[in-house]
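Novice: I'd like to ask some things about the structure below.
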There are 2 protein chains.
Amino acid sequence: MSNTSLSPRAQRLRDAGHKLTNARLTVLGVVERGGGHLTSTEILNRVNAVDARIGRASVFRALDLLTRLSIIRPTYIDSSITPTYVLLPDGHHHHVICTHCNRVIEFEDCGLSKLAADLERRLHVQLSGHLLEFYGLCDRCSAQERSAFN
Amino acid sequence: MSNTSLSPRAQRLRDAGHKLTNARLTVLGVVERGGGHLTSTEILNRVNAVDARIGRASVFRALDLLTRLSIIRPTYIDSSITPTYVLLPDGHHHHVICTHCNRVIEFEDCGLSKLAADLERRLHVQLSGHLLEFYGLCDRCSAQERSAFN
DNA sequence: CGCGTTATTAATACACGATATCATCAAATC
DNA sequence: GATTTGATGATATCGTGTATTAATAACGCG
Ligand SMILES: [Zn+2]
Ligand SMILES: [Zn+2]
Ligand SMILES: [Zn+2]
Ligand SMILES: [Zn+2]
């Protein structure tokens, strides 16, 4: 595999001492192109569409590894079994989840860098990312709820 | 069931139009006394220790309901299948997860009420809670990593 | 209170996402 | 290119969570 055009996230894999295998790079590529919130099944299907020789277990192992490196993060949309994986671009991700219809609304600004620096000092930790989730009713569902009181 | 000493969270269940059944109150009690981060299996066992007649499915349904009401929230500690459920006291919860040893460090202050108010205005949502997770290395693991470069 | 309505439950069989295993393979290093 | 060692892939298996439905109990009302 040529070293030209190694994605920054692939570089992070290597820097952490892991081999840049076909399976891992394919999973990473699928998640990067996925646009957020893919379930494991969606990821499995897309990985297989790219390269059918990649095994099921390797996909899950790659997801675990990327999670440990704070490159992606599993999170629940509805409370049922399957998590969805989101990229943590620049180490963070933020969304609102509607607890009624499960819609996800992403937002960008969080203003948490100061808090992160505080925590690193106070708790002696070394932070690499964060996920911020708000729960509540989206515009449609809260309108609906109000009209239910007519 | 007597109405005296109805916990605030039980009251929220009722206010939202749900019946205060034995199964729900037992699950809620287990989670409240659990001190955070219980897996579904732990919850199942404890519920059964309190009242063996409560069925498996009812426990999961209760967890789903409490999640929809933003009373608890499922979250991943390690990236493997089983989520842990945390209470969202006063609607929020915050922790640091060590991506190396899976230790969880809780912290209290988040300063997110202003952001929440902003989002409610901008996105026309009605927020009832939030979860903030930081990822990184805890004090022990980051010390260990430094000494690995000797 | 006791009654009727209706949401909720319990039991179990099942679905399906995730994992353990281990022989094989290939990425990195020299 | 050969060596080392981490990573892979096929599959059998596990275990969490779900569907189903008749039976039950919470709650409002008289
Ligand atoms: Zn909604
Ligand atoms: Zn952020
Ligand atoms: Zn640690
Ligand atoms: Zn908070």
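The values are calculated or read from the model by the stated rules, or taken from the named source; none is laboratory data. Every value quoted in this text rests on a predicted model; they were computed, and no experiment measured them. Cβ coordinates were reconstructed from backbone atoms using ideal geometry, including for glycine residues, and neighbour counts include every protein chain displayed.
Novice: For the stretch A:34-66, enumerate the residues that are within 23 Å of A:Asp78 (Cα to Cα), surrounded by fewer than 18 Cβ atoms within 10 Å (Cβ to Cβ) and either more than 14 Å from chain B (Cβ to nearest Cβ) or more than 8 Å from DNA strand C (Cβ to nearest atom) (or both).
Specialist: A:Gly34, A:Gly35, A:Gly36, A:His37, A:Glu42, A:Asn45
Novice: Right, here's the next one. Checking B:Ala117 against (1) within 7 Å of chain A (Cβ to nearest Cβ); (2) within 16 Å of ligand 4 (Cβ to nearest atom), which single condition isn't satisfied?
Specialist: Of the numbered conditions (1) within 7 Å of chain A (Cβ to nearest Cβ); (2) within 16 Å of ligand 4 (Cβ to nearest atom), the odd one out for B:Ala117 is (1).
Novice: Another one. Take A:Val104 and tell me if it is of a type in the set (Val, Ile, Thr), crowded, with 16+ Cβ neighbours inside 10 Å and within 15 Å of ligand 2 (Cβ to nearest atom).
Specialist: So A:Val104 does not fit the description; no.
Novice: Also: Could you pull out the residue among A:Thr99, A:Thr82 that is more than 24 Å from A:Lys19 (Cβ to Cβ) and within 7 Å of chain B (Cβ to nearest Cβ)?
Specialist: Working: A:Thr82 fails: within 7 Å of chain B (Cβ to nearest Cβ).
On inspection, the qualifying residue turns out to be A:Thr99.
Novice: Follow-up question, since we're still on this one. Regarding the stretch A:27-36, can at least one residue be identified that is touching a strand residue (DSSP E or B) at 6+ places or on another chain (Cβ under 6 Å) and outside any helix (DSSP H, G or I)?
Specialist: yes
Novice: So which pairs qualify, if the first residue must be in the stretch B:94-105 and in contact (Cβ under 8 Å) with a residue 24 or more places away in the chain and not assigned by TED's automatic domain parsing to the domain that holds B:Ile72, the second must be in a loop (DSSP other than H, G, I, E, B) and within 9 Å of ligand 3 (Cβ to nearest atom), the Cβ gap must be under 6 Å, and the two must be at least 6 apart or on different chains?
Specialist: Pairs that qualify, where the first residue is in contact (Cβ under 8 Å) with a residue 24 or more places away in the chain and not assigned by TED's automatic domain parsing to the domain that holds B:Ile72 and the partner is in a loop (DSSP other than H, G, I, E, B) and within 9 Å of ligand 3 (Cβ to nearest atom), are B:Val96/A:Val125; B:Cys98/B:Cys138; B:Arg103/B:Cys138.
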